[in-house]
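The structure appears below as structure tokens.
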Amino acid sequence: MFESSASEDRTCSSVWSLCRVAGQEDRRTIRQALVDPTVTRSTIRADVGVAIVPQSISRHLAKANLKSKRTFRALPLTPEHRQLRLQWCQARSMWNVTDSQKVVFSVESRFVLG
């Protein structure tokens with residue numbers, strides 16, 4: 001027969017409480033990522049309220065088939081825009097230095113003065 005001492009019971013109960021807390025962390029982390037897909041790992045860590053490293057957050061999200069995403073530096077070109085850009089480059093591929101110096105590139109931004 002197996003008998004457990006009081007210290008073993010405490011150890012087992014503390015392990016189960018840790019597992020329960022870990023499960024709550026998982027659910028809270030996943031729920032937060034689903035509600036706001038733009039949330040960062042540091043924001044999730046602050047909101048969970050438990051000391052957790054960013055790698056653990058990524059691992060919890062990966063278990064739920066959620067992946068971290070990086071923002072685009074620029075929007076990807078559509079096939080139509082790619083074709084137009086290629087045509088523009090091909091039309092000007094034979095330009096010499098004097099032809100290219102005549103081109104003025106500008107940023108199309110709106111500025112409100114005053």
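Listing for the model above:
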quantity: Segment K67-F105, length gained on full extension (0.36 nm per residue, minus Cα span); calculated: 9.8 nm
quantity: Sites L86 and T38, calculated FRET efficiency, Cβ-Cβ separation with R0 25 Å, nearest 0.05; calculated: 0.15
quantity: Order by protection proxy (mean Cβ within 10 Å, highest first), peptides 28-39, 84-95; calculated: 28-39, 84-95
quantity: Phi-based couplings in Hz for segment 100-108 (Karplus 6.51, -1.76, 1.60; Gly and Pro marked x); calculated: 6, 6, 7, 7, 10, 9, 9, 8, 8
quantity: Rounded FRET efficiency, nearest 0.05, which uses the C-beta distance separating V97 from L75 and R0 of 22 Å; calculated: 0.10
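Where a number appears in this text, it was derived from the coordinates with a stated rule and is not lab data. Treat the numbers as computed from the prediction; the structure is a model and nothing was measured. When we count neighbours, we look across all protein chains shown, and the Cβ atoms used for this are built from the backbone with ideal geometry, even at glycine.
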